[in-house]
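Shown next, in structure tokens, is the structure this report addresses.
The values are calculated or read from the model by the stated rules, or taken from the named source; none is laboratory data. On a predicted model such as this, the values are computed, not experimentally measured, just so you know. Glycine also receives a Cβ, built like all others from the backbone with ideal geometry; neighbour counts cover every protein chain displayed. Surface accessibility is based on the protein's heavy atoms, side chains included, excluding ligands, DNA and RNA. Shrake-Rupley method; radii C 1.70, N 1.55, O 1.52, S 1.80 Å.
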Amino acid sequence: MPASVVRGIAAVWVAAVILFGQVFHWTHAAAWEPQPPAQTESYRLGPADTLKVQVLDEPEFSDERILVRPDGMASFAGIGELQVAGQTLDEIKEALIARLQRLLVSPKVTLTLVSGRPLTLHIHGAVKQPGLLQFPISHEAAKQTSWSLGNLHLSQALAEAGGVLPNADISAIRITRTAFNPENHATETTSIVIDFWQLLKEGNHTQDPLLQPDDVVYVPESKAMALGDEEFELLLRSPIGPKEFPVRVLGEVQTPGLYYLDARSPFLNSALSKAGGFATRANKKAVAVRRFSDDRQFLSTLFIDPKKGEIYLRPNDVIFVAESRTQQSRLWFRHLADFWSPFQSFAITGASTAQIFGLGGWTRFSDK
């Protein structure tokens, strides 16, 4: 076969391998990217929301600013009091029309949300910044009949809380919701459990639900380092992953100490760079990485040549750079020279080493 044909086949084969690698990378990376769910939930009114009512050709029943009071009630001009907390704009509009039909013929009602209360969430457990979070509501998405919370998914709320901790159990995230039921005029509490791995691994967007005001999100902790390397890498690349994690760099580096690695660069060489790089006497070919579980139990030790390979580090890893053997030998000979110098006068007089150290009874095996 001519050499030109062989080179052509090889070039096509290399291009195919590269293209396949890119397609595989794109497919793998897209598995965890959050997407809006197919269905959205209607916004339910609550205290501090402000409404606007317009009744066609009936200005006495129209009002530019109606505030929902802390008791969930609102006063409508010419109509009276209505319980609005816990209901959607559609439901309130139907109630207004029912009231107005007693006074008007075929009333035409437009109900809009002028301003919404801040979306308040309670996020607890294995997140970096647990506590009360408030999110401003964007009103471009407001409609005449319903209002969607739009972009505020569970993943975004967790990201706003600084991301989950490395020991978070994201397979059992619990969302607890308390809402007013207008049918029995009582509050009801429900909860659901979210397995976020289904979103990251399978693209199941039902596991990234929209949140409602006053939802309580709890992220439990795992009892041990249960994640494999692939799962940990997937978590780091996700929007809810930890933004940073701690490692220790000790031994023959410029500035040993505790460092926090950026989740975008969780590599051994990144840790060495944070520590200022190798010191003069460092063994650069066998860096030890001691790995511990989340409860500080020792798991294993890895030996890596940073120039030939790279590894993902894990939280609480300890990187130790030993002294090179060449430097150890040089140091030993230097100390030996320092130790020997006081006895140089004995050598000048012809005294043997055995006489100097009192070793006359030793056997010289090298003579055999």
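Return the pair list, or none, for Cβ contacts closer than 9 Å from residues in segment 113-139 that are over 25 Å from residue 165 (Cα atoms) to residues that are modelled with pLDDT of 80 or more and acidic (Asp, Glu), at least 6 apart or on different chains.
Close Cβ pairs (under 9 Å, with a partner that is modelled with pLDDT of 80 or more and acidic (Asp, Glu)) amount to 113/49; 114/49; 114/64; 115/49; 116/49; 117/49.
Take segment 246-295 and flag every residue that is without any contact (Cβ under 8 Å) to a residue 60 or more places away in the chain, in a strand (DSSP E or B), among the small types (Gly, Ala, Ser) and buried (at least 16 other Cβ atoms within 10 Å of the Cβ).
282, 288
Considering only residues that are hydrophobic (A, V, I, L, M, F, W, C), open to solvent by less than 30 Å² (accessible area, probe 1.4 Å) and over 10 Å from residue 109 (Cα atoms), which ones fall in segment 54-75?
66, 68, 74
Whether any residue in segment 314-328 is touching a helix residue (DSSP H, G or I) at 6+ places or on another chain (Cβ under 7 Å) and either within 30 Å of residue 161 (Cβ to Cβ) or at pLDDT 85 or above (or both) is what I want to check.
There is at least one residue in segment 314-328 that is touching a helix residue (DSSP H, G or I) at 6+ places or on another chain (Cβ under 7 Å) and either within 30 Å of residue 161 (Cβ to Cβ) or at pLDDT 85 or above (or both).
Being on the phi < 0 side of the Ramachandran plot, modelled with pLDDT of 90 or more and among the hydroxyl-bearing types (Ser, Thr, Tyr), is that true of even one residue in segment 56-65?
Taking every residue of segment 56-65 in turn, at least one turns out to be on the phi < 0 side of the Ramachandran plot, modelled with pLDDT of 90 or more and among the hydroxyl-bearing types (Ser, Thr, Tyr).
Looking at segment 229-248 only, could you name the residues that are in contact with a helix residue (DSSP H, G or I) (Cβ under 6 Å, 6 or more places away or on another chain), hydrophobic (A, V, I, L, M, F, W, C) and closer than 20 Å to residue 195 by Cβ?
The answer is 234, 240.
Tell me whether segment 280-296 contains one or more residues that are of a type in the set (Ser, Thr, Tyr) and under 27 Å from the mean Cα position of the chain (by Cα).
Yes, some residue in segment 280-296 is of a type in the set (Ser, Thr, Tyr) and under 27 Å from the mean Cα position of the chain (by Cα).
Across segment 76-114, what is the number of residues that are open to solvent by less than 20 Å² (accessible area, probe 1.4 Å) and under 17 Å from residue 43 (Cα atoms)?
Selection size over segment 76-114: 8.
Run residue 196 past the list (1) modelled with pLDDT of 90 or more; (2) touching a Ser or Thr at 6+ places or on another chain (Cβ under 6 Å); (3) of a type outside the set (Val, Ile, Thr) and report the number of the one that doesn't hold.
That leaves (2) as the condition not met.
Identify, by number, the condition in (1) assigned to a loop (DSSP other than H, G, I, E, B); (2) within 30 Å of residue 173 (Cβ to Cβ) that residue 122 doesn't meet.
(1)
Residue by residue, here is whether (1) assigned to a loop (DSSP other than H, G, I, E, B); (2) open to solvent by less than 10 Å² (accessible area, probe 1.4 Å); (3) farther than 28 Å from residue 314 by Cα holds:
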residue: 158; (1), (2), (3): no, yes, no
residue: 198; (1), (2), (3): no, no, no
residue: 214; (1), (2), (3): yes, no, yes
residue: 217; (1), (2), (3): no, yes, no
residue: 234; (1), (2), (3): no, no, no
